[in-house]
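Read the structure below first, then the notes.
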Amino acid sequence: MAEKMNITENTTHVIRLKTPYLFEGTEYSEIDLTGLEKLTIQDAINAQQQIIGERELAGSLLCETTTAFARAIATRATGLPIEFFKLMPRRVSRLVVGHVQAFFNVENRTENHVMVLEKPYSFEGKEHTEIDLNGIADLNSMNESAAENRLARAGFVITETSFNFLYSCTLAGMAAGLPEEFFTGLPLCETLKLKNAVNDPDFFE
């Protein structure tokens, strides 16, 4: 019978394990995911591209819900090798995946297509607390094509652009008159909020 595990999560994102996890001769009694706070949307883009390149087919759709994506993000947050996460038993993996997914699931505080940021964001010397994405409604099919070509240049091969994080950043940049780097540099926790804001069904009515 599998032994039950207790977990304590705090503001530093440290997962403490009741039963240590043995990896390559070392016992780990905790997994420190504090590095999540330092990651950006660019890290989410890189992770998405990585798992699609590895033929993790689930990652081509809602990749943020997949184990492979959570592993890729956890690797970036901890600096530990991907094998550390691939080989961990399910009882540990589920804790890590759940914590990473919870980090992404911030409250969607977007009203009238103005996206409120979790924390003030500094870009090129200017501080931003919100992003007006109303310009999405004024984009046309040429903008869509340009965003698709941007994905192709980045090496993405996808069938549904609305699931792609880079695509969201590219369209948001066009709509807000801001460089793509503004959006790719946003904190990781803003990833899904931005994707959902750009693909709001209200823009297509």
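The values are calculated or read from the model by the stated rules, or taken from the named source; none is laboratory data. Treat the numbers as computed from the prediction; the structure is a model and nothing was measured. Note: ideal-geometry Cβ built from the backbone for every residue, glycine included; neighbour counts use all protein chains shown. Quick note on the areas: whole protein, heavy atoms, side chains included, nothing else; ligands and nucleic acids left out. Shrake-Rupley method; radii C 1.70, N 1.55, O 1.52, S 1.80 Å.
Within region 99-118, is even one residue within 22 Å of residue 188 (Cβ to Cβ), in a strand (DSSP E or B), open to solvent by less than 50 Å² (accessible area, probe 1.4 Å) and in contact with a Phe, Trp or Tyr (Cβ under 8 Å, 6 or more places away or on another chain)?
no
When you scan region 28-49, how many residues do you find that are assigned to a helix (DSSP H, G or I) and open to solvent by 20 Å² or more (accessible area, probe 1.4 Å)?
Step one: list which residues in region 28-49 are assigned to a helix (DSSP H, G or I), which gives 34-38, 41-49.
Among the residues that remain, those that are also open to solvent by 20 Å² or more (accessible area, probe 1.4 Å) are: 34, 37-38, 42-43, 46, 49.
So the count comes out to 7.
Each row is one residue, and each column tells you yes or no for (1) modelled with pLDDT of 95 or more; (2) more than 20 Å from residue 161 (Cβ to Cβ).
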residue: 28; (1), (2): yes, yes
residue: 33; (1), (2): yes, yes
residue: 38; (1), (2): yes, yes
residue: 41; (1), (2): yes, no
residue: 56; (1), (2): no, no
residue: 62; (1), (2): no, no
residue: 76; (1), (2): yes, yes
residue: 79; (1), (2): yes, yes
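Helices (runs of 4 or more DSSP H) wholly in region 126-205 with at least 2 residues that are in contact with a Cys (Cβ under 7 Å, 6 or more places away or on another chain) and open to solvent by less than 60 Å² (accessible area, probe 1.4 Å) - which ones? Break it down stepwise before answering.
Numbers: elements: 141-153, 165-176, 180-184, 191-198.
Per the criteria, 180-184.
Is it the case that region 90-107 has a residue that's closer than 25 Å to residue 73 by Cα, hydrophobic (A, V, I, L, M, F, W, C) and without any contact (Cβ under 8 Å) to a residue 12 or more places away in the chain?
Checked against the condition, which is being closer than 25 Å to residue 73 by Cα, hydrophobic (A, V, I, L, M, F, W, C) and without any contact (Cβ under 8 Å) to a residue 12 or more places away in the chain, region 90-107 yields at least one hit.
State whether the residues of region 80-94 include one that is aliphatic (A, V, I, L, M), under 19 Å from the mean Cα position of the chain (by Cα) and open to solvent by less than 20 Å² (accessible area, probe 1.4 Å).
Within region 80-94, none of the residues are aliphatic (A, V, I, L, M), under 19 Å from the mean Cα position of the chain (by Cα) and open to solvent by less than 20 Å² (accessible area, probe 1.4 Å).
State the number of residues belonging to region 99-118 that are modelled with pLDDT of 95 or more and over 14 Å from residue 192 (Cβ atoms).
1
Spot the failing condition for residue 52; the list is (1) modelled with pLDDT of 95 or more; (2) part of a helix (DSSP H, G or I); (3) surrounded by 14 or more Cβ atoms within 10 Å (Cβ to Cβ), and only one is missed.
So the condition that residue 52 fails would be (1).
Residue-wise test of (1) at pLDDT 95 or above; (2) within 16 Å of residue 43 (Cα to Cα); (3) in contact with a His (Cβ under 8 Å, 6 or more places away or on another chain).
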site	(1), (2), (3)
125	no, no, no
134	no, no, yes
158	no, no, no
163	no, yes, no
169	yes, yes, no
172	yes, no, no
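Table: residues versus (1) among the charged types (D, E, K, R); (2) over 17 Å from the mean Cα position of the chain (by Cα).
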residue	(1), (2)
130	yes, yes
170	no, no
175	no, yes
186	no, no
189	no, no
192	no, no
